[in-house]
Each structure stands twice: as structure tokens, then as C-alpha cells.
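Heads up, the thing below is written out as C-alpha cells.
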Amino acid sequence: MKIYTNKKGILLPVVMIFLVISLLLGMGILTLGNLESIAAVKRMNRQQAFYIAEAGAYRAYAHLKDNPGWEPEEEPVNVENETFSGIFYVLLEEDEEDEELLNIISTGTVNKTSETVTIVVYSSGGNTWSQGLFGAEKVTLKNNVKIYSYDSTTDPYGDAPGQDAKVGSVELITLENNATLYGDAYTADENGIPPPKNNSDITGTENEGYEFDEPLNDNSLPPVVIPPELLTASPGGKLEVTGGTRIIQGGDYRYEEVKTSGNSVTRFTGSLTRIYIEKKLEVENNSKWDIQGTLIIYLGEESELFVKNNAKIGVMEDGNILPNLPVDFRIYSASTKDNAVTMENNSDMAALLYVPDGGILIKNNRSFLGGIVTENLSFDNNVKILYDVSLENTQIDDDPGGGNGTGNLGIIRWTKPGWSNRLQ
């Protein structure tokens, strides 16, 4: 048999096979490259969408801290910079497991790629006084009045006044004649803060058309309710302390009138003392109140309260009266009088004042630390007021507003679908 050994022409099929293989490899590499490029673009879009969603969530959080009544926009919010553009959309929902928690749900979208971030927030503490010094109908500052902030938990004597004070009114806040508010002013009325007059100033923001949290969201403040056990306590007639030291032990008391004067010292001992005074309370003429525990004063509908003429209320140390924590001295007045509470003439005290149907006047070189909620509030003539910002984090059992204050908004956790909780 004749065997042919001529190999001419075999190279062409081999070359063709290698060309096909190379073409397939090239197409595969090109396809993989394109897929990786597409995946990279998607990852970039997803990352950008996530950051936009996160920004939208924190923006909503900032708005809620400034205004608890804030509502997110009904339409998506556009976000643009030099390299990309996108949108975010925010929803607010109550938490299914805890009604006191709020879910801020923000969805960011870039090039049809969306990511969602949820921030769970809560209101820490808060009470009727947590929204600032408040006069439902009107707040007046005039004649060198200065209003500052302080934190009684870290600076109990108010030695380092700050500039985070808050003053609020449903209707009107006025400043004149060198009055200064070192902080922010809030009114529900859209024209409720006229321009300050005669060198007066508001150093912070002026917020008109503001939506207050309950119970300060209208002119009708919750009434003062005298505890039944005080209404039925044995009447003590008139208590008068004109000199020396008078000890009042913890417990419940009822008097028609109380007056302390003449360099006297009235010391309240025990963890809690509650006193119902039907008509008049006067602390005057260099008299001192030494509050060793917690003192709560309830005043009747026809009552008047006067603190004047170098009277001092606080905690006695080495013969001196130093400011007590405002939460340890609470005054609830049911009085409907314009002068339900008057403090004047170099007297000092730290307290929480609540007079929903009457007026409070503080004047003449007066120093006051704490919180005030009333119908009409007036500061006049060289008064120095320090608003206690720690009230934003304080819960008070006998709060007449039911503890519905604003409080500080805080973050419990935030999540992204498919991720574990980032903060718990």
C-alpha cells in the first residue's frame, strides 16, 4: 500500500482553529470586561444612591430636631454635584413595636438604582418646660434684660451662661431698650416677632410660623390641678416667719397665706414637701428659703405670689443661699390674675414656674434660673434670666402637660436592607 506523506495544506486548518479560539477568547474577555464595567457602574450608582439616602435621612433628622412638627416634602428632593445627580424621598412612620419611636425612611435613587436607609429616633425625656421660656399670649423683654442658657446638671450655679436659650409664644415676642436674647425665638404666628427696638437683639434664629409640641401648641394651656390630698389637708391658717429659723419637715401642708421676712430662714427638710396656699405667698425683706429636698408649691385661683426685696431661695451652704436645681422647686399656680407671680428687687431663685391662666412679671435686678410656662410673661429692668437646657432631658412626674414636652431627639439605630443594624 502506498502511503502519502505530503503535509502540504495542513497549516491552514490549524491557523483557522487558533483564529477561532482566539476570537472566542477575545470575545469572552471583551464580554467579561463589558460586564465588569456595567457592574462597576451599578456599584457606583448603588453607592451614590446609598449616600444620597443617608443624607436625606439625616436631613430629616435635623429638621425634626429643630421642629418636631416638620413633615417631609411630598415630591422627591433633587441632589446634584459635579459628578452625578440623583433624588431622595423621605417617609416618616411610627415604629410597629414601640409607638414612642419614629422611623425615618429615606430612599435615594441614582440612574434608576435605589437604596433605602432607615433611622429609628426617639424623644429623650422632655416636659412642659422643655420648649423654652414660654408665654402663650405674649413675651416681653425690655430695659437691659438679658436671657441666657445654662445646664443645671453640669453648671448648677449658672456660673458659665451660654447662648442656647429658647423663648417661645403662640402669638408675640417683643424686645426693646437694650434687651438681648442669647438664643432662639419661636412664635406660632407668622408675624409674631417684630424687629427688636432700641439696640435690642436676638442672637440666634427667629422662627415664625413654628409648630410647638403639645401642650404649647395653642393658647389654652392645661389647668393646674390641686392634688386632692392637699385640698383635704387640715387648714393651717396663716404661716408667718419674721425672724430666726423655721423648720418645715417633709409632708403635705395647706395654708391660707404664707409670709416670710425679716432675715428669717425657712428650711424645708425631707425628700418631698408639698404645700397648697389658697391666697397669698410672700417671700421678702432678706428672708431665705433653704430647700433640702424637693419643694412643690400649689397656689389657688385667687392667689398671688411675691418674691421681693433681697429674698433668696435655694440651698444653704455655710450660711449662703446657692441655687438649687430648678426641678427641686416647682410652683404651680391656678391664679387667673395678671400679677399672679411677681419677682423683683434683687431677689434670686431657681425654679420651674407654671401659671397657665395668669401673668408673671420679673423685674428690677432680678436673677432667675430654670423654666417658665405662663399666659403672659414680662421681663423688665436689668433682669438676668438663665433657661435650663437640661429640661429637654428631664421627666417630671407631676408635669401638668402630661410629660409631652419636645425632649431631645436621639438616634437608636439606623439600618440598610441586607445590613445589620449600625447603631443600637
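To the nearest 20 debye, what charge dipole does segment 128-393 have about its Cα centre, counting +1 at the Cβ of each Lys and Arg and -1 at the Cβ of each Asp and Glu? Don't skip to the end; give the middle numbers.
Working: 21 positive and 40 negative charges, 236 e Å.
Approximately 1140 debye in magnitude.
In the elastic network of the chain, a GNM with C-alpha springs shorter than 10 Å, the most mobile of Gly162, Gly69, Gly135 is Gly69.
Once the Cα-Cα distance is subtracted from the 0.36 nm per residue extended length, the Tyr122 to Asn345 segment shows a gain of 76.0 nm. If you take the Cα atoms of the chain, find Rg, then find the Kirkwood Rh from the mean of 1/r over all pairs, what is Rg/Rh? Expressed as Rg/Rh, it is 1.32.
Length gain on complete extension for the stretch Asp164 to Glu317, per 0.36 nm per residue less the alpha carbon to alpha carbon distance?
Numbers: separation 153, 0.36 × 153 = 55.08 nm, distance 2.92 nm.
Result for the pair: 52.2 nm of gain on full extension.
With both labels modelled 7 Å from their Cα along Cα-to-Cβ, the Thr336 to Thr242 distance reads 3.5 nm.
When the chain is fully extended, how far beyond the present Cα-Cα distance does Asp398 get from Ser271, taking 0.36 nm per residue of separation? It would help to have the intermediate numbers written out before the result.
Values: separation 127, 0.36 × 127 = 45.72 nm, distance 1.54 nm.
Computed gain between Asp398 and Ser271 is 44.2 nm.
Say R0 is 25 Å: what FRET efficiency, to the nearest 0.05, do Asn263 and Tyr157 get from their beta-carbon distance?
Working: r = 23 Å, r/R0 = 0.91.
Once the sixth-power term is evaluated, E becomes 0.65.
The Cα center of segment 153-198 and the Cα center of segment 310-326 differ in position by 26 Å. Between Ser234 and Glu302, the FRET efficiency estimated from the beta carbon spacing at R0 = 22 angstrom works out to 0.60. Gaussian network model of the chain, Cα springs within a sub-10 Å range: biggest mean-square fluctuation belongs to which of Met16, Met316, Met44? Taking springs between Cα atoms under 10 Å, the residue moving most is Met16. Over segment 128-393, Cα pairs under 8 Å with separation of 6+ residues give a relative contact order of 20 percent. Run a plain Debye calculation on segment 313-357 (Cα atoms as equal point scatterers, no solvent) and give log10 I(q)/I(0) at q = 0.31 Å⁻¹, rounded to two decimals, same order as the q list. Values, matching the q order: -1.10. Once the Cα atoms are used to define both axes, helix 11-66 deviates from the longest principal axis of the chain by about 10 degrees.
Our summary gives segment 109-174 a relative contact order of 40 percent, counting only alpha carbon pairs under 8 angstrom and 6 or more residues apart.
Can you give the % of DSSP beta bridges in the chain that are antiparallel, to the nearest 5?
Of those bridges, close to 25 percent are antiparallel.
Cβ-Cβ distance of Asn78 and Glu214, R₀ of 22 Å, FRET efficiency by 1/(1 + (r/R0)^6): the value works out to about 0.05. According to the square roots a ≥ b ≥ c of the eigenvalues of the Cα gyration tensor, what is the shape class of segment 127-195, taking rounded for a/c under 1.5, prolate for a/b larger than b/c otherwise, and oblate for the remainder? Judged from the Cα gyration tensor, segment 127-195 comes out oblate (a/c at least 1.5, b/c at or above a/b).
Pairs Lys166/Lys312; Lys238/Lys337; Lys138/Lys312; Lys166/Lys259; Lys280/Lys384; Lys142/Lys312: which exceed 30 Å Cα-Cα? Check vs 30 Å cut-off fails for Lys166/Lys259.
Read-outs: derived from the displayed coordinates by stated rules, not from any lab. Just so it is clear, the model here is predicted, and its values are computed rather than measured. Every residue, glycine as well, gets a Cβ built from its backbone with ideal geometry; the counts of neighbours run over all protein chains shown.
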